[in-house]
Each structure stands twice: as structure tokens, then as C-alpha cells.
1. Once you've got the Cα coordinates, tell me which of Lys120/Lys143; Lys69/Lys143; Lys70/Lys143; Lys77/Lys130 are over 32 Å apart.
2. Please give the residues of the stretch 61-75, grouped as numeric ranges, whose backbone N is less than 11 Å from a label point set 7 Å along the Cα-to-Cβ vector of Asp97.
3. Working out 0.36 nm times the residue gap between Thr104 and Thr157, then minus their Cα-Cα distance, what length gain in nm do you get to one decimal?
4. Just grab the label-to-label distance for Phe83 and Arg140, each label 7 Å out from Cα along the Cβ direction, in nm (one decimal).
5. Through the Karplus equation 6.51 cos²θ - 1.76 cosθ + 1.60, θ set to phi - 60°, convert the phi angles of the stretch 148-156 into ³J(HN,Hα) values in whole Hz; use x for Gly and Pro.
Amino acid sequence: MLSFSHKLQKASWVISVLFGIAFSAQIVNAQERHAQISKARSAAASEEAGKIQGYRGVSIGMLAEEVRKKLGNPSDKGEEQDFFVLSDNETAQVVYDKTKKVVTLSFDFMSGAKEIPTPKSIFGSDIEAKSDGSMYRMVRYPKAGYWLSFNRTAGDTPLTSVTFQKIEQ
């Protein structure tokens, strides 16, 4: 039969082992949390500006006169917005503020358009399509002062839209 001190010594040893295992698990969890935080910080740093800051040479903050030089004469010209037909399968809508600077750019690509942007070319990564084939993602770039979205409709002849919108500070 084991003496009381021997039982106590054995129990202390078991408790020490369990404590060591629990402490090791906490260290591993802390390391995993640190890795997740580092990854999130890295992703945030890379999102200071989008992979693209404009399209066809047009970007947020550009003057209406400059936009028209880049895209040509709009099919519908206005003080606050222009509508451009860039090809049979591509259009652009540009919205201006009171100072005639671009605050919104939207480029629409119909099925059959040449060089339709992909999520990877816009954001640097793919988007998982929904079961109907549609896709959507919006990312805010506060340091760059705009948000960017990609939207593709469902169906056999999808419409793809890429939109830049100034974030009001």
C-alpha cells in the first residue's frame, strides 16, 4: 500500500504535468492569435489603396475636362454626370461634384466585351461565385479616399460592373 506522502508526490507530479500541458496550449494559442493579428495588419496595410486606382486613365478627383479627353465625347453630357459608350459592350458613367471633380466612376461590361476585369485584377484575389454564377465584393480604402466594388450578374449573358466611389471625409 502506498503511503500518504507517496500519493501526494504522485498527485503533485500529475498536476505539474497537466499544468505544463495547459501552459503549452496557451502559448500555442497566443502564437496563433499573434499570427492572425499580423496577417490582418498586413492585409490592412495592403488595402491602403486598391490594386487599381482608376480605369482607362480616369480616377477619383480628376476634372471633368480631363475625363472627356481620356474617354472622348460623352453620349450624354451633363454638369453633374456624363455617360460614355466606349464600345458596343462597354459603357461608363462618371459623376462629378460641384467643383467638376470625379466622385464616382462606374464601368459596365456586357457579355462579349473585350478584357472584362476580373476580381483578381481588381482586388488581387478571386471571389467565390454564388450558385447562380453572380459575384459581388466591395472594399473600402479609407486612406486612399474611395471604395471599390465588383459586381457580376447571374445568367448566360452577365453584366459586370466595376465602381469607384469617393468616401466623404
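1. On the way: Lys120/Lys143 21 Å; Lys69/Lys143 28 Å; Lys70/Lys143 26 Å; Lys77/Lys130 36 Å.
Lys77/Lys130, as the Cα separations exceed 32 Å there.
2. Under 11 Å, as judged by backbone N against the label point of Asp97, lie 61-62 of the stretch 61-75.
3. Working: separation 53, 0.36 × 53 = 19.08 nm, distance 2.53 nm.
Taking 0.36 nm per residue and subtracting the Cα distance, the gain is 16.5 nm.
4. The modelled label-to-label distance comes out at 3.1 nm.
5. With the stated coefficients, the stretch 148-156 comes to 9, 10, 10, 9, 10, 6, 7, x, 6 Hz.
Any read-out appearing in this document is the output of simple, stated calculations on the displayed coordinates, not a laboratory observation. Quick caveat: nothing in here was measured; it's all calculated off a predicted structure. All Cβ positions, glycine included, derive from the backbone under ideal geometry; neighbour counts span all protein chains shown.
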